[in-house]
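Below: one structure, written as structure tokens.
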Amino acid sequence: MPNIVNEMLSHEFEKDFRDAGSCLVLGFTKLTVEQAEDLRNRFRDAGIRYKVVKNRLAVRALRTALDVDMSDVFRGKCGVVFAPEERAISAAKIVREAMRQHRKAPPVTVVGGLIEGEPITGAAAGMIADMPDRDTVRAQLACAISGPARGLAIVVQGLASGLARCIQSKVDKEGEEGG
């Protein structure tokens with residue numbers, strides 16, 4: 001009977017990994033029921049799904065579904081956040097915000113992630129919350145592109161207005177001398 005259940009869970013995880021645009025692997029220790037409920041509610045409010053997983057089944061499902069090996073990430077008690085597109089970054093920010101009060105020993109940490117098919121493990125996994133999301137990157141890119149054009153427009157406008165002030169000054173000066 002357990003083999004049938006494991007097979008069903010494994011197929012469900014494979015489907016979840018295929019359907020999710022990104023995922024985040026959370027390691028948790030000493031997580032209280034209240035903290036777990038708070039975290040689940042925050043994820044639910046953000047439209048993100050969270051599941052506690054069996055490590056062996058999750059590793060196998062990742063290999064089968066996406067051909068990704070993240071066996072080094074799934075150690076101890078783990079949960080997976082399934083998020084559309086790059087919303088795993090938002091999920092990492094939610095985890096960081098929820099665990100801010102536990103500076104010395106947070107009960108939940110980000111131990112890995114898969115964003116747009118790219119596995120992120122080790123020390124880089126803790127930095128997922130610092131990554132900009134797609135909209136932020138687009139805004140930064142637009143500012144970088146429009147910045148020089150805006151500067152050029154200001155310079156051209158400054159030349160024209162400076163020339164106009166010089167001509168007006170000359171006209172005013174001749175008006176005073178002629179009158």
(Q) Per residue, how much accessible surface does the chain expose to a 1.4 Å probe? Answer in Å², no decimals. (A) 64 Å²
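Take T136, T64 and sort them by solvent-accessible surface of the protein heavy atoms, 1.4 Å probe, largest at the top. Walk me through the intermediate numbers first.
Numbers: T136 55, T64 85 Å².
The ranking, largest first, comes out as T64, T136.
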Q: Using the Karplus curve 6.51 cos²θ - 1.76 cosθ + 1.60 with θ = phi - 60°, work out ³J(HN,Hα) for each residue of region 142-154 in order, rounded to whole Hz, and write x for Gly and Pro.
A: 4, 5, 5, 6, 7, x, x, 5, 5, x, 5, 5, 5
Q.
For the chain, set up a GNM with springs between Cα atoms under 10 Å and report which of A83, A36, A58 has the largest fluctuation.
A. A36
Q. Round to a whole number: what % of the accessible area of the chain belongs to carbon and sulfur, probe 1.4 Å?
A. 57 percent
(Q) Which residues does the label zone of T64 cover in region 6-29, counting backbone N under 17 Å from a point 7 Å along Cα→Cβ? (A) 6-20
**Q.** Charged-residue dipole, Cβ positions (Lys, Arg, Asp, Glu), the chain about Cα centre, Debye nearest 20
**A.** 760 debye
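Given the Cα atoms of region 36-127, and with Rh set as the inverse mean 1/r over their pairs in the Kirkwood sense, what is Rg to Rh to two decimals? Spell out each step's value before the answer.
On the way: Rg = 12.9 Å, Rh = 13.7 Å.
Radius of gyration over Kirkwood radius for region 36-127 works out to 0.94.
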Q. Among the aspartates and glutamates, which have Cα under 15 Å from the Cα of K30 when same-chain residues fewer than 8 positions away are ignored?
A. D38
Q. Using θ = phi - 60° and the Karplus form 6.51 cos²θ - 1.76 cosθ + 1.60, what ³J(HN,Hα) does each residue of region 72-82 get, whole Hz, x for Gly and Pro?
A. 6, 7, 7, 10, x, 7, 10, x, 10, 9, 9
Q: Please list H11, H102 in order of solvent-accessible area, largest first, computed with a 1.4 Å probe with all protein chains present.
A: H11, H102
Q) In the full protein assembly as shown, how much of D72 is accessible to a 1.4 Å probe, in Å² to the nearest 10? A) 100 Å²
Q.
How high is the relative contact order of the chain? Use alpha-carbon pairs under 8 Å, at least six apart in sequence, and give a whole percent.
A. 25 percent
Q) If each of R40 and Q101 carries a label point 7 Å out from its Cα toward its Cβ, how far apart are those two points in nm? A) 1.9 nm
Q) Where does the chain land on Rg/Rh, using Cα atoms and the Kirkwood Rh? A) 1.41
**Q.** Radius of gyration, Dmax [region 116-179; alpha carbons; angstrom]
**A.** 25.9, 82
Q) Which length gain, in nm to one decimal place, applies between T32 and D130 when the Cα-Cα distance is subtracted from 0.36 nm times their residue separation? A) 32.7 nm
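The values are calculated or read from the model by the stated rules, or taken from the named source; none is laboratory data. What you are looking at is a predicted structure, and each value in this text was computed from that prediction instead of being measured. Don't worry about glycine lacking a Cβ; one is built from the backbone with ideal geometry, like all the others, and counts go over all protein chains shown. Side chains are part of the model used for accessible areas, which takes the heavy atoms of the whole protein and leaves out ligands, DNA and RNA. Shrake-Rupley method; radii C 1.70, N 1.55, O 1.52, S 1.80 Å.
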